[in-house]
1. Just from its helices, what would the mean residue ellipticity at 222 nm be for the chain, if runs of 4 or more DSSP H residues each count -39500 (n - 2.57) and the sum is divided by every residue, rounded to the nearest 500 deg cm²/dmol?
2. Relative to the Cα centre, what is the charge dipole magnitude of the range 161-251, using +1 at the beta carbon of each Lys and Arg, -1 at the beta carbon of each Asp and Glu, and rounding to the nearest 20 debye?
3. Using 0.36 nm per residue, how much length does the chain from residue 33 to residue 100 gain when fully extended, once their Cα-Cα distance is taken away?
4. Using modelled amide H (1.01 Å from N, peptide plane; none on Pro or chain starts), what sits under 5 Å from the amide H of residue 148, excluding residues fewer than 5 places away?
5. Mind running the shape call on the range 292-373? Use the C-alpha gyration tensor, a ≥ b ≥ c as the square roots of the eigenvalues: rounded below 1.5 for a/c, prolate if a/b tops b/c, oblate otherwise.
6. Which one, 321, 310, 220, has the greatest fluctuation when you compute a Gaussian network model over the chain with C-alpha springs under 10 angstrom?
7. Under a 10 Å cutoff between Cα atoms, tell me which one of 248, 63, 24 has the largest fluctuation in the Gaussian network model of the chain.
8. Given H placed 1.01 Å from N in the peptide plane, which residues other than close sequence neighbours of residue 242 have an amide H under 5 Å from its amide H?
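The values are calculated or read from the model by the stated rules, or taken from the named source; none is laboratory data. These figures come from a predicted structure and were not determined experimentally. As a convention, Cβ positions derive from the backbone with ideal geometry for all residues, glycine included, and neighbour counts pool all protein chains shown. Surface areas here come from the heavy atoms of the whole protein model, side chains and all, with no ligands, DNA or RNA. Shrake-Rupley method; radii C 1.70, N 1.55, O 1.52, S 1.80 Å.
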Amino acid sequence: MNDSSAFFIHMTWFIDAHEDLAWNIVTFQRDYTRSAFETRRLEAATSIPSFNEDTMLGWPEYNQANVRLVFGTLFASPARAGAQEPANAPFYHNLLEANHLYWNQLGIYHQLCENHPQAFRLVLSRQQLQAHLQEWEQPGGEQKAQPVGLVPLMEGAEGILSCDELSRWWEAGLRIIGLAWSGNRFTGGTHAPGPLTAEGKDLLAAMAEIGFILDLAHMDRQAAFQALEYYPGTIITSHANASRLVENYKGNRLLDDDLIHAMLERDVVIGVVPYNNFLKFGWKESGGRAQISLRMVAEQADYICQLVGDAEHVGIGTDFDGGFGLQSTPIELNSIADLPKLLPYLVEMGYTVEQCDRFASGNFLRVLESALP
Ligand SMILES: [Zn+2]
C-alpha cells in the first residue's frame with residue numbers, strides 16, 4: 001500500500017447495503033454492540049458457528065472500517081420440511097406468521113437503537129441522514145466511536161399482508177422493500193423462476209405511491225425486467241454480483257449482462273457481494289478460502305462499471321452474517337474492519353480516489369439523498 005492509498009483509506013467511508021442483523025439477533029441473540037471477536041469467543045463452544053459460521057460484525061469493527069450506514073434487513077423464510085435449522089430462527093408456516101415475524105424484526109431495530117443510542121441509530125429521513133453524517137464529520141469525530149446508522153430493508157415481501165398495510169410499515173420506519181427471497185405470491189425469486197404476479201404488480205404500485213425504494217435482489221430475471229419497467233420509483237439491487245465473472249455458475253441469483261444493462265438505464269445502484277459462493281463457483285473444492293481474494297470483488301465492481309461505462313452504479317452489499325460468516329469470505333477479511341482493503345485493488349485497476357469513494361458510499365448515498373422523505 002503506498003502513501004496515497006493510505007490517505008484515502010483513512011478518509012473513505014462506507015455504506016453497507018445489506019446485513020441481516022435482526023435475523024441474527026432473533027436467532028442467536030447476537031449482540032452487535034460487542035466486538036465481532038468477542039462474539040466469536042462467546043459462541044465458540046456453541047452450535048452457532050455450524051449454522052452461520054463466525055460473525056463478521058460488531059460495533060468496534062464498523063468504526064474501524066468507517067462504516068457509517070447499514071441497510072439492516074428484516075428477514076424470515078418459509079418453513080421447509082425436515083430442514084435442520086436453529087431453534088429460534090424465524091420460519092413461517094403461513095402469511096400471518098410471516099407478518100408477525102417481520103414486524104418483530106422491525107421492532108428489534110427500534111429496540112436496538114433505543115437501548116444503545118451510542119452504537120446504533122435509525123436513519124429514516126433526509127434530515128436524519130444529514131445530521132447523522134455531520135456527527136461523523138465533526139472535528140475529532142473520527143477519534144471517538146460513532147453510532148452506525150440503520151435503514152430498514154425488508155428482504156422478501158411475504159411479511160406484508162396487503163397493500164393497505166404498507167402505510168403502517170412506512171410510518172414504522174421501513175424504507176426499502178425487496179419483493180423476493182425465494183419465489184412467493186408476488187414474484188419469481190431465487191431457485192423459483194417466474195414473473196411478477198398480478199399481486200406483485202399491485203404491491204409495486206402501492207409502494208410507489210408511498211415512496212418506498214424497491215430492491216431487486218433475489219428477484220428472478222424475468223420479474224426483475226418487469227419491475228424495471230413497472231416501478232416508477234427509486235430502485236436498487238442491494239446485494240448481487242455479475243454472473244458472467246463467476247465461472248460455471250448456474251442459477252438465477254446473480255445478474256446477467258442484459259439485466260445489468262437494463263438496471264443501469266433505470267439508474268440502479270448494485271451492491272457487490274464479498275461472498276465466496278458469488279465470486280467463484282466450487283471454491284471450497286478448488287483451493288478453498290485462500291484462493292479467494294478481495295481482488296475478485298474489485299473485479300466485480302470493475303466489470304459492472306465497464307459494462308455500463310461509468311462508476312456511478314456500484315456500491316457494496318456485504319450480506320455479512322446472512323447465512324455465512326468469516327469462513328466464506330475472501331482471505332483478506334477477518335471482519336468488516338478489513339473492508340477498506342478492497343480499495344487498493346480498485347486503485348491498481350486505475351480508479352481514482354473519488355471513484356473509490358463512490359463505490360464505498362457515494363453511489364448509495366445519492367440514492368438515499370433522493371429517495372428518503
Ligand atoms: Zn439475500
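1. On the way: 15 runs with 143 residues, N = 373.
Mean residue ellipticity at 222 nm (helix-derived): -11000 deg cm²/dmol.
2. Rounded to the nearest 20 debye, it is 320 debye.
3. Stretched fully, the residue 33-residue 100 segment lengthens by 21.6 nm.
4. Here 120, 121 satisfy the definition.
5. oblate
6. It is 310.
7. 248
8. 255
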